[in-house]
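Data first, discussion second: the structure below is written as structure tokens.
The values are calculated or read from the model by the stated rules, or taken from the named source; none is laboratory data. In this text the structure is predicted, and so the values were computed from the model without any measurement. In this analysis, Cβ positions are derived from the backbone assuming ideal geometry, glycine residues included, and neighbour counts consider all displayed protein chains.
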Amino acid sequence: MTWMQTYTGRAFDIEGGPECDDQIHLDDIAMALGNTCRYNGHCRGFYSVAEHSVHVYRRVSDQTASPAIQMLALLHDAHEAYTGDVTAPIKRLPWMKEYRLWCGRVQERIHRALGVNNLIARELSTISIPDAFAMVKRADMELLATEAEVFMEDPPRPWVEMPEPLDIDIWCTEPGNAAMVFSVAFHNLKNYAEEYHAQNHTA
């Protein structure tokens, strides 16, 4: 089976299934996303996928108390730790269909390995999965609009339709710190989820 070596020295089987979920580790995801620059590096200054993910998570946290939806936000680009960050215009091309499907499978592996599916299962009676993903997508687009204003030159052609930019601070923190902030957010969210479910008596 084709595999790659991760930051922590693990083997990651490219087409692995549930039997390979123990290959997924938060430290690998955090460091890889911290080292990955958004926009293929075509931006003013280094801006990591890890920092972007934390901003999306914080935006969603302002809108819902659901730890499941917040976790979906934090991990929405987690697969890129293994698949790489291909820019959206390329990813949407017809001949990238197999790549998009593979990204989805990797994301599913991450959700299983990091307990996201369990979080969702505990909240199925109170959240709508399509609405949850729509909320995360909206926050992602709001960050796209904000980042475009902060990091990019004036576009030579129109981008996709975007919402208004957010009034937030973008840190542009260095890779190691971005990885740490991402990891801390994950662990804090796991602790919050336990408190949330205990208070709400969800099964």
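Test ALA139 against the criterion of being in contact with a helix residue (DSSP H, G or I) (Cβ under 6 Å, 6 or more places away or on another chain), surrounded by 15 or more Cβ atoms within 10 Å (Cβ to Cβ) and assigned to a helix (DSSP H, G or I), and give yes or no.
Values: in contact with a helix residue (DSSP H, G or I) (Cβ under 6 Å, 6 or more places away or on another chain): yes; surrounded by 15 or more Cβ atoms within 10 Å (Cβ to Cβ): yes; assigned to a helix (DSSP H, G or I): yes.
So ALA139 fits the description; yes.
Kindly provide the set of residues from the range 23-44 that are among the acidic types (Asp, Glu) and touching a residue at least 60 places away in the same chain (Cβ under 8 Å), ordered by number.
Going residue by residue through the range 23-44, those that are among the acidic types (Asp, Glu) are 27-28.
ASP27, the sole residue that qualifies.
Just wondering, is there one or more residues in the range 59-71 that are within 14 Å of the chain's Cα centre (by Cα), without any contact (Cβ under 8 Å) to a residue 12 or more places away in the chain and under 19 Å from LEU26 (Cβ atoms)?
no
Which one is surrounded by the most Cβ atoms within 10 Å (Cβ to Cβ) among residues in the range 147-174 that are in contact (Cβ under 8 Å) with a residue 60 or more places away in the chain and within 18 Å of TYR57 (Cα to Cα)?
Checking each candidate, the answer is GLU147.
Against the condition of a type outside the set (Phe, Trp, Tyr) and at pLDDT below 95, how does ALA50 come out, does it pass? Walk me through how you get there before you give the answer.
Numbers: of a type outside the set (Phe, Trp, Tyr): yes; at pLDDT below 95: no.
Criteria not met by ALA50.
Return the residues of the range 101-127 that are closer than 16 Å to LEU74 by Cα and among the β-branched types (Val, Ile, Thr); say none if nothing qualifies.
Hits for the range 101-127 are VAL106, ILE110, VAL116, ILE120.
Is one or more of the residues making up the range 128-144 in contact with a Phe, Trp or Tyr (Cβ under 8 Å, 6 or more places away or on another chain), within 21 Å of ALA78 (Cβ to Cβ) and among the charged types (D, E, K, R)?
No: zero hits.
I want to confirm something. Restricting to the range 145-183 and keeping residues that are of a type outside the set (A, V, I, L, M, F, W, C) and assigned to a helix (DSSP H, G or I), which single residue is farthest from LEU26 (Cα to Cα)? Give the steps one after another, and end with the answer.
Here is the first cut: in the range 145-183, the residues of a type outside the set (A, V, I, L, M, F, W, C) are 146-147, 149, 153-158, 161, 163-165, 167, 169, 173-177, 183.
If we keep only those that are assigned to a helix (DSSP H, G or I) too, we end up with 146-147, 149, 175-177, 183.
Working: THR146: 27, GLU147: 25, GLU149: 31, PRO175: 15, GLY176: 14, ASN177: 15, SER183: 7 Å.
So, considering only residues that are of a type outside the set (A, V, I, L, M, F, W, C) and assigned to a helix (DSSP H, G or I), the one farthest from LEU26 (Cα to Cα) is GLU149.
Which of (1) hydrophobic (A, V, I, L, M, F, W, C); (2) crowded, with 16+ Cβ neighbours inside 10 Å; (3) without any contact (Cβ under 8 Å) to a residue 40 or more places away in the chain is the odd one out, the single condition LEU189 does not satisfy?
The number of the failed condition is (3).
All but one of (1) outside any loop (DSSP other than H, G, I, E, B); (2) out of contact with any Leu (no Cβ under 9 Å at 6 or more places or on another chain); (3) surrounded by 14 or more Cβ atoms within 10 Å (Cβ to Cβ); (4) of a type outside the set (S, T, N, Q) hold for LEU119, so report the exception by its number.
That leaves (2) as the condition not met.
What number of residues within the range 184-203 satisfy the criterion of being over 17 Å from LEU74 (Cβ atoms), among the hydrophobic types (A, V, I, L, M, F, W, C), touching a helix residue (DSSP H, G or I) at 6+ places or on another chain (Cβ under 9 Å) and not in a loop (DSSP other than H, G, I, E, B)?
The total comes to 0.
Can you tell me which residues in the range 151-176 are at negative phi, touching a strand residue (DSSP E or B) at 6+ places or on another chain (Cβ under 9 Å) and of a type outside the set (Val, Ile, Thr)? I'd like the intermediate steps shown before the answer.
Start the filter on the range 151-176 by keeping residues that are at negative phi, which leaves 151-171, 173-176.
Filter again for touching a strand residue (DSSP E or B) at 6+ places or on another chain (Cβ under 9 Å), leaving 173-175.
Result: GLU174, PRO175.
Could you say which residue among ASN188, ASN177, ASN200 is more than 28 Å from THR87 (Cβ to Cβ), under 18 Å from the mean Cα position of the chain (by Cα) and not aliphatic (A, V, I, L, M)? Write out each step before concluding.
Working: ASN177 fails: more than 28 Å from THR87 (Cβ to Cβ); ASN200 fails: under 18 Å from the mean Cα position of the chain (by Cα).
Just one listed residue meets the conditions, ASN188.
Look at ILE29 and say whether it is buried (at least 20 other Cβ atoms within 10 Å of the Cβ), over 30 Å from ALA148 (Cβ atoms) and of a type in the set (A, V, I, L, M). Spell out the reasoning first.
On the way: buried (at least 20 other Cβ atoms within 10 Å of the Cβ): yes; over 30 Å from ALA148 (Cβ atoms): no; of a type in the set (A, V, I, L, M): yes.
It is false that ILE29 is buried (at least 20 other Cβ atoms within 10 Å of the Cβ), over 30 Å from ALA148 (Cβ atoms) and of a type in the set (A, V, I, L, M).
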